[in-house]
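The values are calculated or read from the model by the stated rules, or taken from the named source; none is laboratory data. In this text the structure is predicted, and so the values were computed from the model without any measurement. A quick note on method: Cβ atoms are made from the backbone with ideal geometry, for glycine too, and the neighbour counts reach across all protein chains shown.
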Amino acid sequence: MLLTLEKRLREAFSAHIADRYGATVDIVLELPRQPSHGDLATPVCFGLAKVLRRAPRQIAAELCAELPPVKGIRSLEAAGAGYVNARFDRASYAAAVFSGIEPGKDDSSKAIIEHTNINPNKAAHIGHLRNAVLGDTLVRMLRALGRRVEVQNYIDNTGVQVADVVAAFRFLRGMGVEEVRALVRDPAVRFDYCCWDLYAEISRRFADKDPKAFAWRAATLKALESGEGDLAALGAVVADAIVACHLATMRRIGVLYDVLPRESEILKLRFWSTAFELLKSRGAIRFETSGKNIGCWVMPSKMFRTSAPKGARGVAESDESAGEADGAKVIVRSNGTVTYVGKDIAYQLWKFGLLEGKEFRYVPMRELGAGAPWVTTAEGGSADAPDFGGGSEVYNVIDVRQSYLQDVVRAALEALGFQRQAERSIHFSYEMVALSPRCCAGLGIELNEKERAKAYVEVSGRKGLGVKADDLLDLLIDTALEEVRSRHAALDESECRSIAEQIAVGALRYFMLRFTRNTVIAFDFQEALAFEGETGPYVQYAAVRASNILRKHEAGQGGGQASAEVPSSRALARQLEDEQLWQLVRAMSLSRWTVARATESGEPAQVARNAFQAAQAFNNFYHQTHILKEKDPERQAVQLAIVRLALEDLSRMMHVMGVPVPVRM
RNA sequence: GCGCCCGUAGCUCAGCUGGAUAGAGCGCUUGCCUCCGGAGCAAGAGGCCGCAGGUUCGAAUCCUGCCGGGCGUACCA
């Protein structure tokens with residue numbers, strides 16, 4: 001409803017100002033911090049003042065007097081130095097939000113979101129959780145706005161990281177395919193944890209520059225890329241098993257995928273060769289015949305360096321200064337193999353449906369049950385697989401350290417003449433999750449001099465330095481479980497556990513969303529395990545309180561369903577004269593507006609923040625007002641409608657964040 | 001060197017396309033259960049918004065320059 005009124009006001013102002021003053025201006029509308037400033041306000045007169053050479057306050061007064069009536073707006077007033085404050089028709093606004101009708105957008109264009117993308121060679125850690133939570137929340141935000149979304153989780157099952165663990169199994173442990181398979185099946189072993197340690201172990205060999213290790217890596221990598229031989233088979237076993245672990249971990253926090261495109265299929269189906277021909281024929285890359293990159297196909301730096309100050313202050317921005325070649329990005333190595341960026345360019349082209357003649361085949365991962373994703377395959381495939389790829393907009397959820405490579409990918413599309421697709425290639429970046437010094441101390445991690453001086457320490461899979469996702473979740477569940485048990489002595493264990501799990505997921509997902517994307521999270525157990533203050537459980541608790549009131553009220557009524565009806569507009573008009581009740585209606589009806597704004601600005605943290613604020617407003621109301629003891633039936637009916645509204649609004653935001661809405665806690 | 005990001009309360013962070021008196025949480029101090037469950041509510045203390053200029057009616061927000069920190073800048077991914 002707020003979005004509707006915002007739109008109406010914007011259009012009304014815009015039309016009137018164009019008509020009356022012949023000026024076209026952007027109408028900025030804001031939610032005033034103070035209730036006395038009305039329900040929506042605009043500082044538009046300050047801008048007009050300049051054009052019209054008149055005092056803003058005078059224009060504001062004139063605007064208020066002359067603007068034709070706007071449906072749903074009760075009054076306009078000039079305030080402050082020249083603000084125009086609008087007040088809503090309270091009864092009609094409340095009636096609309098109570099009945100929950102809101103036009104849904106119908107957009108048939110498909111957005112593709114790629115997230116998670118964990119190398120399938122070790123257990124997922126907290127950094128991966130941030131990626132998945134951010135990506136999944138973006139998915140939920142777009143879906144909430146009516147967009148069609150396809151979720152892809154790219155599996156690099158033939159890369160160096162997998163190769164290293166495979167080499168470790170084969171050459172460090174002397175294990176073959178069958179032995180590793182047995183290990184995967186062994187219920188006493190957590191395969192992803194086992195690989196975590198193994199990966200750290202072999203990485204030490206590389207750090208020590210062990211020539212044997214480098215030979216193992218080269219041999220394994222070659223085998224993985226060709227897809228043939230024992231090492232390749234071992235690689236498939238390892239990668240598939242780890243992918244299953246990752247999917248299970250993510251499922252615990254409510255993250256699902258539509259399709260898993262794998263690098264092995266990109267190789268087998270030769271996506272790259274098509275992309276390569278395209279890049280060559282359109283002059284996007286060139287063959288180096290001299291210099292340090294001799295024998296390579298490279299993309300010249302001027303194609304992707306974003307800095308280009310577009311002839312700022314007329315300085316010769318062209319040649320010379322570039323000093324020569326030092327920025328060129330190698331796409332094809334001198335030995336003829338393609339780099340990761342090259343494969344990523346091919347993948348990005350496929351996502352937009354631009355790789356003519358190249359298409360994956362898919363099989364469903366049935367063993368994972370309901371909600372299981374499809375995975376790519378080179379041959380065969382299911383006839384009823386959906387039509388994946390071919391999106392009109394692509395979000396790549398990858399941390400900010402990959403900005404450079406993402407820029408190369410985007411530039412490649414541009415160089416190929418796919419201007420529109422380049423513009424719609426969105427690097428949904430975020431800062432890393434690091435470990436706070438206290439966290440390191442708690443984990444028993446020894447830091448060197450240099451690391452100790454820093455505010456945080458980077459997570460490192462190679463060093464085995466980090467907090468595993470499942471460990472954190474388990475710890476959260478244990479902590480919550482203790483609390484739940486102490487509150488509900490009567491509940492049985494499985495019920496307590498189910499509640500504890502919901503709280504743990506809520507706490508975790510909220511924690512990952514609280515921070516804006518470009519804030520480095522210095523991970524700290526104490527903060528992550530908090531259930532009080534600005535946390536997921538705080539928001540969940542507000543929702544639980546709301547449902548408790550409604551349940552008790554219904555019980556007191558003997559199950560009367562009449563209570564769910566929206567109060568009459570006369571009742572609303574009377575009761576909402578009460579400023580406190582009206583402010584609540586307003587505060588409890590911001591979810592759609594919030595999601596729209598958060599999506600527009602690409603900042604999921606806004607949803608978290610607003611959900612917390614809504615929960616705060618509700619908790620305050622809860623304490624001040626004893627709804628079930630209210631004597632005036634009309635007043636109580638309105639209060640109950642507000643409680644229902646609060647539950648709905650909170651639930652909507654929680655759902656977008658993937659924070660469970662518990663029935664009790 | 002070059003590019004991107006950050007510097008706001010003791011700590012961790014918000015601050016939406018410049019707008020009305022800079023806000024939360026934690027921690028600290030102090031109140032609040034004859035209650036719809038206190039994972040809560042209320043109040044208090046705590047700010048040259050890194051520094052210096054500039055643009056503007058108006059700057060935490062935009063521009064320039066410094067200072068401090070992070071990340072990137074591979075024939076790794």
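In segment A:77-104, how many are within 16 Å of RNA strand B (Cβ to nearest atom) and of a type in the set (Phe, Trp, Tyr)? Working first, answer last.
So in segment A:77-104, the residues within 16 Å of RNA strand B (Cβ to nearest atom) come out as A:77-88.
Remaining after also requiring of a type in the set (Phe, Trp, Tyr): A:83, A:88.
Counting residues in segment A:77-104 that are within 16 Å of RNA strand B (Cβ to nearest atom) and of a type in the set (Phe, Trp, Tyr) gives 2.
Does segment A:529-537 contain at least one residue that is near RNA strand B (Cβ under 9 Å from one of its atoms), part of a helix (DSSP H, G or I) and surrounded by 18 or more Cβ atoms within 10 Å (Cβ to Cβ)? Outline the logic, then answer.
Step one: filter segment A:529-537 for residues near RNA strand B (Cβ under 9 Å from one of its atoms), giving A:530-535, A:537.
Then keep just the ones that are part of a helix (DSSP H, G or I); that gives A:537.
Filter again for surrounded by 18 or more Cβ atoms within 10 Å (Cβ to Cβ), leaving A:537.
Within segment A:529-537, one or more residues are near RNA strand B (Cβ under 9 Å from one of its atoms), part of a helix (DSSP H, G or I) and surrounded by 18 or more Cβ atoms within 10 Å (Cβ to Cβ).
Check A:151, A:177 and return the single one that is at pLDDT 95 or above and within 26 Å of the chain's Cα centre (by Cα). Full working, then the answer.
Details: A:177 fails: within 26 Å of the chain's Cα centre (by Cα).
Among A:151, A:177, only A:151 is at pLDDT 95 or above and within 26 Å of the chain's Cα centre (by Cα).
For segment A:644-655, does any single residue satisfy the condition of being more than 7 Å from RNA strand B (Cβ to nearest atom), surrounded by fewer than 23 Cβ atoms within 10 Å (Cβ to Cβ), acidic (Asp, Glu) and under 32 Å from the mean Cα position of the chain (by Cα)?
Checked segment A:644-655: at least one residue is more than 7 Å from RNA strand B (Cβ to nearest atom), surrounded by fewer than 23 Cβ atoms within 10 Å (Cβ to Cβ), acidic (Asp, Glu) and under 32 Å from the mean Cα position of the chain (by Cα).
Mind listing whichever residues of segment A:1-16 are touching a strand residue (DSSP E or B) at 6+ places or on another chain (Cβ under 9 Å) and either closer than 12 Å to residue A:63 by Cα or among the charged types (D, E, K, R) (or both)?
If the condition is that a residue be touching a strand residue (DSSP E or B) at 6+ places or on another chain (Cβ under 9 Å) and either closer than 12 Å to residue A:63 by Cα or among the charged types (D, E, K, R) (or both), then A:6, A:8, A:10, A:12, A:13 are the ones that fit.
Among the residues of segment A:577-629, which ones are assigned to a loop (DSSP other than H, G, I, E, B) and over 23 Å from residue A:556 (Cβ atoms)? Walk me through it before giving the result.
Start the filter on segment A:577-629 by keeping residues that are assigned to a loop (DSSP other than H, G, I, E, B), which leaves A:577-578, A:588-590, A:602-604, A:625-626.
The answer is A:577, A:578, A:589, A:590, A:602, A:603, A:604.
Of all residues in segment A:394-453, how many are exposed (fewer than 14 other Cβ atoms within 10 Å of the Cβ) and in contact with a His (Cβ under 9 Å, 6 or more places away or on another chain)?
Going through segment A:394-453 one residue at a time, the tally reaches 1.
Under the condition of being more than 8 Å from RNA strand B (Cβ to nearest atom) and part of a helix (DSSP H, G or I), which residue from segment A:508-528 is farthest from residue A:598 (Cα to Cα)?
Taking the candidates together, the pick is A:525.
Is it true that residue A:73 is aliphatic (A, V, I, L, M), at pLDDT 95 or above and not assigned by TED's automatic domain parsing to the domain that holds residue A:585? Full working, then the answer.
Values: aliphatic (A, V, I, L, M): yes; at pLDDT 95 or above: yes; not assigned by TED's automatic domain parsing to the domain that holds residue A:585: yes.
For residue A:73, the condition - aliphatic (A, V, I, L, M), at pLDDT 95 or above and not assigned by TED's automatic domain parsing to the domain that holds residue A:585 - is met.
Read through the list (1) more than 13 Å from RNA strand B (Cβ to nearest atom); (2) surrounded by fewer than 18 Cβ atoms within 10 Å (Cβ to Cβ), then give the number of the only condition that residue A:488 fails.
Looking at each condition in turn, residue A:488 falls short on (1).
What is the number of the single condition among (1) more than 26 Å from the chain's Cα centre (by Cα); (2) surrounded by 15 or more Cβ atoms within 10 Å (Cβ to Cβ); (3) of a type in the set (Asp, Glu) that residue A:493 does not meet?
(2)
So, in segment A:335-366, how many residues would count as being touching a Phe, Trp or Tyr at 6+ places or on another chain (Cβ under 9 Å) and over 17 Å from residue A:156 (Cβ atoms)?
Matching residues across segment A:335-366 total 10.
Identify the residue in segment A:491-500 that is without any contact (Cβ under 8 Å) to a residue 60 or more places away in the chain and within 11 Å of RNA strand B (Cβ to nearest atom) and, among all such residues, is nearest to residue A:651 (Cα to Cα).
To start, the set of residues in segment A:491-500 that are without any contact (Cβ under 8 Å) to a residue 60 or more places away in the chain comprises A:491-498, A:500.
Right, trim to within 11 Å of RNA strand B (Cβ to nearest atom) and you get A:491, A:496, A:500.
On the way: A:491: 24, A:496: 21, A:500: 18 Å.
Only one residue tops the list, namely A:500.
Counting only residues that are part of a helix (DSSP H, G or I) and more than 7 Å from RNA strand B (Cβ to nearest atom), how many does segment A:11-55 have?
Taking segment A:11-55 first, the residues part of a helix (DSSP H, G or I) are A:11-21, A:35-37, A:44-52.
So of that shortlist, the ones also more than 7 Å from RNA strand B (Cβ to nearest atom) come out as A:11-21, A:35-36, A:44-45, A:48, A:51-52.
So the answer is 18.
Could you figure out which of (1) more than 12 Å from RNA strand B (Cβ to nearest atom); (2) over 14 Å from residue A:86 (Cα atoms) isn't true of residue A:65?
Looking at each condition in turn, residue A:65 falls short on (2).
Do we have residue A:146 as surrounded by fewer than 15 Cβ atoms within 10 Å (Cβ to Cβ), under 28 Å from residue A:422 (Cβ atoms) and not assigned by TED's automatic domain parsing to the domain that holds residue A:504 here?
Details: surrounded by fewer than 15 Cβ atoms within 10 Å (Cβ to Cβ): yes; under 28 Å from residue A:422 (Cβ atoms): yes; not assigned by TED's automatic domain parsing to the domain that holds residue A:504: yes.
So residue A:146 passes the test.
Looking only at segment A:98-105, decide whether some residue is of a type outside the set (Gly, Ala, Ser) and either touching a Phe, Trp or Tyr at 6+ places or on another chain (Cβ under 9 Å) or farther than 21 Å from residue A:6 by Cα (or both). Lay out the reasoning, then the answer.
Looking only at segment A:98-105, we keep the residues that are of a type outside the set (Gly, Ala, Ser), and these are A:98, A:101-103, A:105.
Filter once more, so that each one left must be either touching a Phe, Trp or Tyr at 6+ places or on another chain (Cβ under 9 Å) or farther than 21 Å from residue A:6 by Cα (or both): none.
No, segment A:98-105 contains no residue that is of a type outside the set (Gly, Ala, Ser) and either touching a Phe, Trp or Tyr at 6+ places or on another chain (Cβ under 9 Å) or farther than 21 Å from residue A:6 by Cα (or both).
For segment A:480-489, indicate whether the set of residues that are without any contact (Cβ under 8 Å) to a residue 12 or more places away in the chain, of a type outside the set (D, E, K, R) and assigned to a helix (DSSP H, G or I) is non-empty.
yes
Considering segment A:530-546 alone, what residues qualify as being without any contact (Cβ under 8 Å) to a residue 60 or more places away in the chain and within 21 Å of the chain's Cα centre (by Cα)? First the steps, then the outcome.
Looking only at segment A:530-546, we keep the residues that are without any contact (Cβ under 8 Å) to a residue 60 or more places away in the chain, and these are A:530-533, A:535.
Within segment A:530-546, just A:535 meets the criteria.
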